[in-house]
Amino acid sequence: MLMESQIENLLEKYWKGETSLEEEKVLKAHFKSNPGLSNESHYFRYLNKQKSTLYEGSKGISKRNAWISAAATITIGVVTAALVFNDAKRDPFAIEDPEKAFEATKNALLMIGGELQDGQNHTMELTKFNKAKEELQEDS
Amino acid sequence: MKKLVFVITLLSITSLAFGQQVVTKYMDKYEGDETFTKVSVSSKMFSLFSEMEGSEEDEQLFYDITSKLKGMKVVASEKVSNPKALFEGAISDVNKAGFEELMTVKDAEENVKISIREKGGVIEELIMVAGGKEKFAMVSIYGEIDLKQISKLASLMRVNQLKYLENLDEAID
């Protein structure tokens, strides 16, 4: 048990900001075990109480936050990786010259279009022609 | 939460990888093979086409078709050692990828099969596989595909070619 005078000294040092962590602990412990009606007593008990509530609260939030941020990080990482991977995969054969791309596209469309037309005249096996067939017949 | 993350991850991967995966597979397979021509045109290129000049009907139609496309890929070779096996393999890969056969054209020279993948009445992807005596070709277009327009484009261009030939004949006469 500390003497009143020692507490007075410590308090004086405390308000000057000169106490060490150990001395502050002593002060807090003292006011916890000797709840008085003085302002200091209220103050130190308030600090103790505040400390415990803050701790519990932050514990709950941080756990949830960790999940959300982990989920977000993984999602962003995977999407980015997939995008980069996809791009890298597509790149090697991509035509950069618009003129060449134009020619290639024209040829490809003509090839497909030509077959679509031939398909109507030639012997053909049709397994599924539904709407596409109707459209083509309307057209020709 | 774990499940949600898993589902989101899975969805993002599948949706990104789905378009033109069959052709991409063949492009990768013959990446180092010089006898195979591999071509890829991106949606960015298609948007550039619309800035080119064009007033003829077939040109307008061409821009209209390409503006709705997201990509085009071609893998082709003029000289393959086993065209039949390659053709059969490609057809089976296309079927496995969930495509429905639209039409088959067979003649003495070549086999052509066109397959499509539809979603909500819209054709999202079209793959044409062609196999000849020594030739093999796989063409895929991806985006919003209107068969009617593509067929019309081919007929318009054929007519133009004929006109050109007629004019040429007249010029010679």
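The values are calculated or read from the model by the stated rules, or taken from the named source; none is laboratory data. As the structure is a computational prediction, the values presented were derived from the model and not from experiment. Cβ sites come from the backbone with ideal geometry, for glycine too, and all protein chains shown count toward neighbours.
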Being more than 9 Å from chain B (Cβ to nearest Cβ) and modelled with pLDDT under 85 narrows it down to one residue among A:Gly77, A:Gly57; which is it? A:Gly57
Tell me, please, whether a residue that is of a type in the set (A, V, I, L, M, F, W, C) and modelled with pLDDT of 85 or more can be found in region B:1-13. no
Restricting attention to region A:24-53, which residues are of a type in the set (D, E, K, R) and in contact with a Lys or Arg (Cβ under 8 Å, 6 or more places away or on another chain)? A:Lys32, A:Arg45
